[in-house]
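Below is one structure, written out as structure tokens, with a few remarks after it.
The values are calculated or read from the model by the stated rules, or taken from the named source; none is laboratory data. Keep in mind the model is a prediction, meaning the values are calculated, not measured. Neighbour counts run over all protein chains shown; Cβ positions are idealised from the backbone, glycine included. Protein only, heavy atoms only, side chains kept; ligands, DNA and RNA dropped before computing areas. Shrake-Rupley method; radii C 1.70, N 1.55, O 1.52, S 1.80 Å.
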Amino acid sequence: MLVAIVGAGAIAFGTAVFLEQQGHHATLWSPSGERTKALAKGEALVAQGAVEGTFHPAAAASAEALVAGAEAIVIALPAYGHKAVLDAIAPYIRADQTVIISSHASFGGLYLSRLLAKRGVVAPIVGWGTTVVSGRQLSPTLVNVNTVRKKVDLATVPASRSADGLAVCQTLFGDRFVDRGSLMAIALSNLNPQNHMGIALGNMTRMERGETWSQAQNVTSNVGRLLEQLDGERIAIATKLGLEVRNIFQHFHLSFHVPMSSISQMNQEMHDAGHSGQGPTTADSRYVTEDVPFGLVMTAKIGRLAGYPAELHEAGVRIFSAMYGRDFTAENDLLTALDLDAMSLETLNGLCRDGYAVAAT
């Protein structure tokens, strides 16, 4: 299949080489154009780690050019860039294309559904609870793929197109997906914000000083217990809403292939197996600048709608806002655009199932 990838960072590059390895053809688009300059000149993209080889994905010069020839479109960049790129590609998306958001954050799928509905277009929009690959971009032509996940949760909006969305994902990425039925479940399936909150709080001075440090090794007993408590809040909200989502123990077991234990011990096993990866070497890390406004804030808002306040998540938003001198709640442009605070739980659940309706003409 011909796949358009919006983004040119570690996840976009890792997704591209995985797709190319599977026999598909990927085209990348960077809104700034900076990170795809080498690829646009015909230079190869080299992958190492869980995917190895030399690949030649294309680079598109514009959003319109990217979307025009694609059968599927993958959004693969940090959530703070989602609204801008969705605004850029929405005018060109067709009903016969499938859009995949890797990974889905702050109801970006609903925002895109609303944009398309205004044009009279209904296309399957698939939200993933996490990314298929994890990794690190080492240069404009080199990516290290840390892992390829065995299981990824997804949901398609509108739900009537669920079979189509799942089929496209399986064709592109293999039989690794669990359909959770609703974007509400996917909103509560992404563990990165809660995990990154604990890791960043426990290692902030390392980040600020630019130290090189093993992430998994530094999920110590105290940090691990915090992650478990944060996960308990998320699971409790999902349970109250009647949703089944993967817990943190299942996440680490299925994503990193370590035996079930305490979260700290599972991370030590990851470190010993060489699957740790390095922690952030700057405080200007997506662990905070993406995951706090687009992850913790969203979970906290869902908790309030469900009548089950996520007190640790709420505290995390306030603590990081104080540490950084920023209002992270206000930085979530997707929830602001959707006016989530004005929605009832019933309205949000309906949108997560059916998306926005095309206006009658």
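Any chance the range 12-20 includes a residue that's free of Cβ contacts under 8 Å to residues at least 40 places away in the same chain, open to solvent by 10 Å² or more (accessible area, probe 1.4 Å) and touching a Phe, Trp or Tyr at 6+ places or on another chain (Cβ under 7 Å)?
Checking the range 12-20: at least one residue is free of Cβ contacts under 8 Å to residues at least 40 places away in the same chain, open to solvent by 10 Å² or more (accessible area, probe 1.4 Å) and touching a Phe, Trp or Tyr at 6+ places or on another chain (Cβ under 7 Å).
Does the range 118-137 hold any residues that are touching a residue at least 40 places away in the same chain (Cβ under 8 Å), open to solvent by 10 Å² or more (accessible area, probe 1.4 Å) and not hydroxyl-bearing (Ser, Thr, Tyr), and which are they?
Within the range 118-137, Lys118, Gly120, Val121, Val122, Gly135, Arg136, Gln137 meet the criteria.
Picking from Arg136, Arg161, which residue would you name as being part of a strand (DSSP E or B) and among the charged types (D, E, K, R)?
From the options Arg136, Arg161, the qualifying one is Arg136.
So that you can scan it fast, the table gives a plain yes or no per residue for (1) closer than 23 Å to Ser134 by Cβ; (2) open to solvent by 60 Å² or more (accessible area, probe 1.4 Å); (3) of a type in the set (Gly, Ala, Ser); (4) at pLDDT below 95:
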| residue | (1), (2), (3), (4) |
| --- | --- |
| Gly23 | yes, yes, yes, no |
| Leu28 | yes, no, no, no |
| Leu45 | yes, no, no, no |
| Gln48 | yes, yes, no, no |
| Glu52 | yes, yes, no, no |
| Glu64 | no, yes, no, no |
| Val67 | no, no, no, no |
| Val74 | yes, no, no, no |
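Every residue, every condition in (1) over 23 Å from Ser106 (Cα atoms); (2) crowded, with 16+ Cβ neighbours inside 10 Å, yes or no:
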site: Val245; (1), (2): no, yes
site: His253; (1), (2): yes, yes
site: Phe256; (1), (2): yes, yes
site: Ser262; (1), (2): yes, no
site: Met266; (1), (2): yes, yes
site: Asp272; (1), (2): yes, no
site: Gly277; (1), (2): yes, yes
site: Thr289; (1), (2): no, yes
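Out of contact with any Phe, Trp or Tyr (no Cβ under 7 Å at 6 or more places or on another chain), over 22 Å from Ala306 (Cβ atoms) and either polar (S, T, N, Q) or surrounded by 15 or more Cβ atoms within 10 Å (Cβ to Cβ) (or both) - does that describe any residue in the range 184-200?
Scanning the range 184-200 turns up at least one residue that is out of contact with any Phe, Trp or Tyr (no Cβ under 7 Å at 6 or more places or on another chain), over 22 Å from Ala306 (Cβ atoms) and either polar (S, T, N, Q) or surrounded by 15 or more Cβ atoms within 10 Å (Cβ to Cβ) (or both).
Quick one: which residue in Glu346, Glu290 is among the charged types (D, E, K, R) and farther than 22 Å from Ser103 by Cα?
From the options Glu346, Glu290, the qualifying one is Glu346.
Residue-wise test of (1) within 24 Å of the chain's Cα centre (by Cα); (2) without any contact (Cβ under 8 Å) to a residue 60 or more places away in the chain; (3) part of a helix (DSSP H, G or I).
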{"residue": "Thr212", "(1), (2), (3)": "no, no, no"}
{"residue": "Val223", "(1), (2), (3)": "yes, yes, yes"}
{"residue": "Asp231", "(1), (2), (3)": "yes, yes, yes"}
{"residue": "Ile237", "(1), (2), (3)": "yes, no, yes"}
{"residue": "Gly242", "(1), (2), (3)": "yes, yes, no"}
{"residue": "Val245", "(1), (2), (3)": "yes, no, no"}
{"residue": "Phe252", "(1), (2), (3)": "yes, yes, yes"}
{"residue": "Val258", "(1), (2), (3)": "yes, yes, no"}
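Out of the residues in the range 30-43 that are surrounded by fewer than 22 Cβ atoms within 10 Å (Cβ to Cβ) and in contact (Cβ under 8 Å) with a residue 60 or more places away in the chain, state the one that is farthest from Ala337 (Cα to Cα).
Glu43
Is there any pair with a first residue in the range 304-319 that is at pLDDT 95 or above and a second that is open to solvent by less than 80 Å² (accessible area, probe 1.4 Å) and aromatic (Phe, Trp, Tyr) whose Cβ atoms are under 6 Å apart and which are 6 or more apart or on different chains, and what are they?
As it stands, the answer is Val317/Phe328, since those pairs meet every condition given.
Based on what the data block shows, is Asp153 of a type in the set (D, E, K, R), open to solvent by less than 50 Å² (accessible area, probe 1.4 Å) and either over 26 Å from Gly274 (Cβ atoms) or in a strand (DSSP E or B) (or both)?
yes
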